[in-house]
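Everything on this sheet refers to the single structure shown next.
The values are calculated or read from the model by the stated rules, or taken from the named source; none is laboratory data. Keep in mind the model is a prediction, meaning the values are calculated, not measured. As a convention, Cβ positions derive from the backbone with ideal geometry for all residues, glycine included, and neighbour counts pool all protein chains shown.
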Amino acid sequence: MHPGLLIGRLHTLRKKGMDFNMIGVCVVGSGRAGMIHARNFAANVPGAKLIAMVDPVEDVARAACKELEIDKSYSSYEQALENKDIDAYIVVSPTKFHMQTVKDLASAGKHVLCE
């Protein structure tokens, strides 16, 4: 889900007096684009909380988590799907992996933004 759409959705819910929880976000891919999205969600998106990072290179995922001050890193999105606190995924892995990743996340009932 695009950060702007997410903010708009949260504002709409607030105006309607609806109760909602923070939306847990996971970024799949810790490269340049992934870190741009992760930094934005970690600091600038009201109502959203960056929960985890996914990268097949575990040291890269851990380094991203350290910078972002979050605890959860995974080496695959399949592992991250086991975390029930994650509602939405930002997919910024290499393009050749997008189709299967997005299909699997959507089939699991998750919101997805694919870069």
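Would you mind stating whether VAL45 is among the β-branched types (Val, Ile, Thr) and in a loop (DSSP other than H, G, I, E, B)? Considered against the rule, which asks whether it is among the β-branched types (Val, Ile, Thr) and in a loop (DSSP other than H, G, I, E, B), VAL45 comes out as yes. Number of residues in segment 64-74 that are over 18 Å from PHE97 (Cβ atoms) and either of a type in the set (Phe, Trp, Tyr) or assigned to a loop (DSSP other than H, G, I, E, B) (or both) equals 3. In this structure, is MET22 over 11 Å from the mean Cα position of the chain (by Cα), under 19 Å from LEU81 (Cβ atoms) and modelled with pLDDT under 95? Taking the combined requirement at face value, the residue satisfies it.
Considering LYS110, LYS96, LYS49, which residue is basic (Lys, Arg) and either in contact with a Pro (Cβ under 9 Å, 6 or more places away or on another chain) or more than 22 Å from ASN21 (Cα to Cα) (or both)? First the steps, then the outcome.
Working: LYS110 fails: either in contact with a Pro (Cβ under 9 Å, 6 or more places away or on another chain) or more than 22 Å from ASN21 (Cα to Cα) (or both); LYS49 fails: either in contact with a Pro (Cβ under 9 Å, 6 or more places away or on another chain) or more than 22 Å from ASN21 (Cα to Cα) (or both).
None of the other options fit; the residue is LYS96.
Is it true that some residue in segment 32-39 is hydrophobic (A, V, I, L, M, F, W, C), in contact with a helix residue (DSSP H, G or I) (Cβ under 7 Å, 6 or more places away or on another chain) and modelled with pLDDT under 90? No, that holds for no residue.
Any chance segment 49-63 includes a residue that's surrounded by fewer than 20 Cβ atoms within 10 Å (Cβ to Cβ), under 13 Å from the mean Cα position of the chain (by Cα) and either assigned to a helix (DSSP H, G or I) or modelled with pLDDT under 95 (or both)? Yes, segment 49-63 contains at least one residue that is surrounded by fewer than 20 Cβ atoms within 10 Å (Cβ to Cβ), under 13 Å from the mean Cα position of the chain (by Cα) and either assigned to a helix (DSSP H, G or I) or modelled with pLDDT under 95 (or both). Applying the condition of being β-branched (Val, Ile, Thr) and in a helix (DSSP H, G or I) to segment 75-115 and asking which residue is nearest to ILE36 (Cα to Cα) yields THR95. Residues of segment 18-42 that are touching a residue at least 24 places away in the same chain (Cβ under 8 Å) and not in a helix (DSSP H, G or I): PHE20, MET22, ILE23, GLY24, VAL25, CYS26, VAL27, VAL28, GLY29, SER30, GLY31.
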